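This report concerns only the one structure given below.
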Amino acid sequence: MGLVEKHSSSVSVEHPVTTCVTDVLFDSSYSLYITENFTETYSYPLVTYLHDGSRSERDLWNWFPSISDQNYLGLGVRASFPHPRGLPGQFDWKLRRPDASMASIRDAVYSVDRDWAINPQKIYLFGEGDGAIVALQHLVLQQSLEFETIFAAGAICRSLPKNWADWLPHITNQLHGRILFLDPIQNPDEQAAIDALSEAGLEITFAHASEEVPPPQIINQWIMAGINTAIF
């Protein structure tokens, strides 16, 4: 198990890991947060983080362990395409290619699932910026027969671009799942898109951060509200 980097109280190691559990692990396309109190007999909920454009999967560090240091595994997925100017450590989602985005999510989750206990009924997508659009695209398209994908129980969206509603797939059937929006509605197009998602069957929640209740705490509370049991 080769030591790559130390980051605060977390340790980064090369993948695959075959010995003791560590906190944060990397391969070439994803990063993974593992709680120090990892229990092999428990199937963990998985928070799958989708970074903004021109960023990377390492932005997972901005959220874990702040969201929770014990209740979930945290998976940061690298976007499907390199930065158009080839800038190192920066990757982009092509919003016209949801098939590529969904394949990246699927492959990362499958890779982690081979070595760690994940509850397939408790996978949540958490996206920022363009990553939030990808999360919504995934939630709508996952129940279509067009794509082989990972089923997500819900999506968490932060800092959605102004034109995010333009990138939503056409909704043709009833949907199941939950969405947490961490920002207020900005315009009528957004309201119309949210109404369409709600009418299709998705449970919509708005929660705005404050000094008293920061975003990581909101996310933890929202996920836990949909989970019957947790580790304490």
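When Arg55 is tested against (1) at pLDDT below 95; (2) open to solvent by 80 Å² or more (accessible area, probe 1.4 Å), just one condition goes unmet, and that condition is (1).
Has region 25-48 got any residue that is among the hydrophobic types (A, V, I, L, M, F, W, C), touching a Leu at 6+ places or on another chain (Cβ under 7 Å), modelled with pLDDT under 90 and open to solvent by less than 40 Å² (accessible area, probe 1.4 Å)? Scanning region 25-48 turns up at least one residue that is among the hydrophobic types (A, V, I, L, M, F, W, C), touching a Leu at 6+ places or on another chain (Cβ under 7 Å), modelled with pLDDT under 90 and open to solvent by less than 40 Å² (accessible area, probe 1.4 Å). Candidates in region 66-89 are the residues that are surrounded by fewer than 20 Cβ atoms within 10 Å (Cβ to Cβ) and closer than 29 Å to Glu36 by Cα; of these, the one that is farthest from the chain's Cα centre (by Cα) is Gly89. Can you confirm whether Glu199 is crowded, with 20+ Cβ neighbours inside 10 Å and charged (D, E, K, R)? No, not satisfied. Filter region 117-168 for residues that are part of a loop (DSSP other than H, G, I, E, B) and of a type in the set (Ser, Thr, Tyr); which is surrounded by the most Cβ atoms within 10 Å (Cβ to Cβ)? Taking the candidates together, the pick is Thr149. Among the residues of region 154-161, are any closer than 24 Å to His51 by Cα and among the hydroxyl-bearing types (Ser, Thr, Tyr)? Yes, because at least one residue in region 154-161 is closer than 24 Å to His51 by Cα and among the hydroxyl-bearing types (Ser, Thr, Tyr).
The values are calculated or read from the model by the stated rules, or taken from the named source; none is laboratory data. It should be emphasised that the depicted structure is a prediction, and the values quoted were computed from it without experimental measurement. In this analysis, Cβ positions are derived from the backbone assuming ideal geometry, glycine residues included, and neighbour counts consider all displayed protein chains. The accessibility values were calculated without ligands, DNA or RNA, using every heavy atom of the protein model including side chains. Shrake-Rupley method; radii C 1.70, N 1.55, O 1.52, S 1.80 Å.
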